[in-house]
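Peer 1: Structure below; questions to follow.
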Amino acid sequence: QVHVLESGGGLVQAGGSLRLSCAASGRTFSYYAMGWFRQAPGTEREFVASISYSGGTTYYADSVKGRFTISRDNAKNMVYLQMNSLKPEDTADYYCVSQRSPYWESAREPDYWGQGTQVTVSS
């Protein structure tokens, strides 16, 4: 089992940057794909980015491609989401997730979710 805890959210102006961090516990962390989802008020949760167990394969939603970068440090059991050129439409609660698979499977729901960290981008 993997437990995850997000941090790094906050208020930022449009065009600014934030880095979200996700601390994961569990011996199986380095075997599992990790990802980030987000949910804006009144909307469904949506996929943002994912990274394979080794960090060699990443996927991004079209809406964040070129602006966000996901990375991981298996030695520290950490996952990061670097968010640049933020837009007001990026405002949401961001969730770190884990999937019991070495590579992200888009057809499957994540197996583990964090409690989320709030990101607000002002215009």
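Peer 1: Can you tell me which residues in segment 8-26 are of a type outside the set (A, V, I, L, M), closer than 21 Å to residue 87 by Cα and either more than 11 Å from the chain's Cα centre (by Cα) or open to solvent by less than 60 Å² (accessible area, probe 1.4 Å) (or both)?
Peer 2: The answer is 8, 9, 10, 13, 15, 16, 17, 21.
Peer 1: If we keep just the residues of segment 72-116 that are under 13 Å from the mean Cα position of the chain (by Cα) and of a type in the set (D, E, K, R), which is nearest to residue 45 (Cα to Cα)? Reasoning before the result, please.
Peer 2: In the first step, residues of segment 72-116 are kept if they are under 13 Å from the mean Cα position of the chain (by Cα); the result is 72, 78-83, 90, 92-99, 104, 110, 112-116.
Still in the running and of a type in the set (D, E, K, R): 72, 90, 93.
Details: 72: 22, 90: 12, 93: 9 Å.
Going through the qualifying residues, I end up with 93.
Peer 1: Would you check which residues across segment 28-50 are within 19 Å of residue 9 (Cα to Cα), part of a strand (DSSP E or B) and not β-branched (Val, Ile, Thr) and list them?
Peer 2: Those that are within 19 Å of residue 9 (Cα to Cα), part of a strand (DSSP E or B) and not β-branched (Val, Ile, Thr): 34, 35, 36, 37, 38, 39, 46, 47, 49, 50.
Peer 1: May I ask you to say which residue of 37, 29 is surrounded by 14 or more Cβ atoms within 10 Å (Cβ to Cβ) and either at pLDDT 95 or above or at positive phi (or both)?
Peer 2: Testing whether each residue is surrounded by 14 or more Cβ atoms within 10 Å (Cβ to Cβ) and either at pLDDT 95 or above or at positive phi (or both) leaves just 37.
Residue by residue, here is whether (1) at pLDDT 95 or above; (2) assigned to a strand (DSSP E or B); (3) among the hydrophobic types (A, V, I, L, M, F, W, C) holds:
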position: 19; (1), (2), (3): yes, yes, no
position: 93; (1), (2), (3): yes, yes, no
position: 108; (1), (2), (3): no, no, no
position: 121; (1), (2), (3): yes, yes, yes
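Peer 1: Starting from residues that are of a type in the set (A, V, I, L, M, F, W, C) and part of a loop (DSSP other than H, G, I, E, B), keep the ones in segment 57-79 and report whichever is surrounded by the most Cβ atoms within 10 Å (Cβ to Cβ). Don't jump to the end; show me each part of the working.
Peer 2: Residues of segment 57-79 that are of a type in the set (A, V, I, L, M, F, W, C), as a first pass: 61, 64, 68, 70, 75, 78-79.
Those left that are additionally part of a loop (DSSP other than H, G, I, E, B): 61, 64, 75.
Values: 61: 15, 64: 23, 75: 7.
Here the residue is 64.
The values are calculated or read from the model by the stated rules, or taken from the named source; none is laboratory data. If you're wondering where the values come from, they're calculated on a predicted model, not measured in any experiment. Reconstructed Cβ throughout: ideal geometry from the backbone, glycine too, with neighbour counts over all protein chains shown. Please note that ligands, DNA and RNA were not included when accessible areas were found on the heavy atoms of the full protein model with its side chains. Shrake-Rupley method; radii C 1.70, N 1.55, O 1.52, S 1.80 Å.
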